[in-house]
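Peer 1: One structure is given below, represented as structure tokens, and several questions about it will come after.
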Amino acid sequence: FEKCGKIFLRKEETFIKHSAEDTESSDDSKITQINLILRADVLGSQEAVIESLTKIQNADIKIKFVSKGLGNITESDVQSAEATGSLILGFNVMPSTAATDLAKESKVEIETFKIIYELIDEVKKRLKELIKPEVVRRDLGKLEVIEIFKKADKMQVVGGKVISGKVESNSKVAVLRGEEFITSGKVTQLQAGKQEVKDCVKGQECGISFEGQPLIEKGDILDIYQEEEVFKSL
């Protein structure tokens, strides 16, 4: 089969949402939910689509079928989609003229397909657009501050010795004084001797341009790390 035409009507308020609705714990607020209204030509097609979409779900992703039925997409479907923030999916069916007109007026999206995997891919694409990445911290090393060379409004230049791991330019910094957290910032430039370098390893002395609140003092420990965004796969 060939995919039939789509009706792509952008909705100002996205039909995909992070929702704490219908949940019992605070962790559920992290769930990404998509509300769907499904119309198919026959029961077998409807069941196949539902089964395929249900497999996408996991602990962080929920697919909610607001309604499902057989036959062409109606004005009632559009009204329900507007009220619930749903996407209307049609499989081997089309919207009525009245439903199309109302969808345009209501800014409700309607997508129609004749191939199941294309319908599934469309839902996956929309979920990926909303799923927030997980921020993962990667520890690099620690530096002990030996000298303060310069202090300005929102930066400092300090010298120190790498006491574990390594220090990299363009890394994040947590400033520690004993066990106390003082402030955080960023390494904007790194020098060894008089040369700008990308990193320094344990045992080396170096100079650091620190971007952040100028609160660093001699003896402080700079905890150096990177943060990476990791996207969960569907």
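The values are calculated or read from the model by the stated rules, or taken from the named source; none is laboratory data. Because the structure is predicted, anything quoted here is derived from the model rather than measured. Positions of Cβ are backbone-derived with ideal geometry, glycine not excepted, and every protein chain shown enters the neighbour counts. Each accessible area value is taken on the protein alone, full model and side chains, heavy atoms only, with ligands, DNA and RNA left out. Shrake-Rupley method; radii C 1.70, N 1.55, O 1.52, S 1.80 Å.
Peer 1: Run down 69, 90 and say which single residue is more than 24 Å from residue 131 (Cβ to Cβ), at pLDDT below 95 and assigned to a strand (DSSP E or B).
Peer 2: 69
Peer 1: Answer yes or no as to whether residue 101 is open to solvent by 60 Å² or more (accessible area, probe 1.4 Å) and either farther than 25 Å from residue 59 by Cβ or in contact with a Cys (Cβ under 8 Å, 6 or more places away or on another chain) (or both).
Peer 2: So residue 101 fits the description; yes.
Peer 1: Let me ask another. Given the conditions (1) part of a loop (DSSP other than H, G, I, E, B); (2) of a type in the set (A, V, I, L, M); (3) over 21 Å from the mean Cα position of the chain (by Cα); (4) at pLDDT 80 or above, which single one is not true for residue 56?
Peer 2: (3)
Peer 1: What about residue 176, is it surrounded by 17 or more Cβ atoms within 10 Å (Cβ to Cβ) and within 20 Å of residue 138 (Cα to Cα)?
Peer 2: no
Peer 1: Between a first residue in the stretch 205-226 that is in contact (Cβ under 8 Å) with a residue 12 or more places away in the chain and a second residue that is crowded, with 20+ Cβ neighbours inside 10 Å and of a type in the set (Gly, Ala, Ser), which pairs have beta carbons less than 6 Å apart while being 6 or more apart in sequence or on different chains?
Peer 2: What qualifies is 210/185; 211/185; 212/185; 224/141; 224/171; 226/171.
Peer 1: Out of all the residues in the stretch 130-137, is one or more modelled with pLDDT under 95 and under 30 Å from residue 45 (Cβ atoms)?
Peer 2: So far as the stretch 130-137 goes, yes, one or more of its residues are modelled with pLDDT under 95 and under 30 Å from residue 45 (Cβ atoms).
Peer 1: Now for a separate question. Which one is surrounded by the most Cβ atoms within 10 Å (Cβ to Cβ) among residues in the stretch 77-98 that are touching a strand residue (DSSP E or B) at 6+ places or on another chain (Cβ under 6 Å) and among the β-branched types (Val, Ile, Thr)?
Peer 2: Among those that are touching a strand residue (DSSP E or B) at 6+ places or on another chain (Cβ under 6 Å) and among the β-branched types (Val, Ile, Thr), it is 88.
Peer 1: Return yes when residue 185 is under 17 Å from residue 157 (Cα atoms), among the small types (Gly, Ala, Ser) and loosely packed, with under 14 Cβ neighbours inside 10 Å and no when it is not.
Peer 2: For residue 185, the condition - under 17 Å from residue 157 (Cα atoms), among the small types (Gly, Ala, Ser) and loosely packed, with under 14 Cβ neighbours inside 10 Å - is not met.
Peer 1: I'd like to know if the stretch 175-192 contains one or more residues that are of a type in the set (A, V, I, L, M, F, W, C), part of a strand (DSSP E or B), in contact with a Ser or Thr (Cβ under 8 Å, 6 or more places away or on another chain) and in contact (Cβ under 8 Å) with a residue 24 or more places away in the chain.
Peer 2: Yes, the stretch 175-192 contains a residue that is of a type in the set (A, V, I, L, M, F, W, C), part of a strand (DSSP E or B), in contact with a Ser or Thr (Cβ under 8 Å, 6 or more places away or on another chain) and in contact (Cβ under 8 Å) with a residue 24 or more places away in the chain.
Peer 1: State all residues of the stretch 191-219 that are surrounded by 14 or more Cβ atoms within 10 Å (Cβ to Cβ), more than 12 Å from residue 162 (Cα to Cα) and more than 28 Å from the chain's Cα centre (by Cα); if no residue qualifies, say none.
Peer 2: Matches in the stretch 191-219: 191, 197, 209, 210, 213, 214, 215, 216.
Peer 1: Report the residue count in the stretch 123-161 for those that are under 30 Å from residue 31 (Cβ atoms) and either in contact with a Lys or Arg (Cβ under 9 Å, 6 or more places away or on another chain) or touching a residue at least 60 places away in the same chain (Cβ under 8 Å) (or both).
Peer 2: So the count comes out to 16.
Peer 1: Of all residues in the stretch 147-167, how many are open to solvent by less than 10 Å² (accessible area, probe 1.4 Å) and farther than 15 Å from residue 217 by Cα?
Peer 2: 2
Peer 1: Need pairs with beta-carbon distance below 7 Å; first residue of a type outside the set (A, V, I, L, M, F, W, C) and within the stretch 38-64, second open to solvent by less than 30 Å² (accessible area, probe 1.4 Å) and not in a strand (DSSP E or B); sequence gap 6+ or separate chains.
Peer 2: Hits for this filter: 39/71; 39/77; 39/93; 41/93; 52/120; 60/31; 62/31.
Peer 1: Check residue 74 against each of (1) more than 21 Å from residue 121 (Cα to Cα); (2) at pLDDT 50 or above; (3) in contact with a helix residue (DSSP H, G or I) (Cβ under 9 Å, 6 or more places away or on another chain); (4) open to solvent by 80 Å² or more (accessible area, probe 1.4 Å) and name the one condition it does not meet.
Peer 2: Just one mismatch for residue 74, condition (4).
Peer 1: Okay, next question. Among the residues of the stretch 113-146, write down those that are within 28 Å of residue 174 (Cα to Cα) and either acidic (Asp, Glu) or open to solvent by 50 Å² or more (accessible area, probe 1.4 Å) (or both).
Peer 2: Result: 132, 134, 135, 136, 137, 138, 139, 142, 144, 146.
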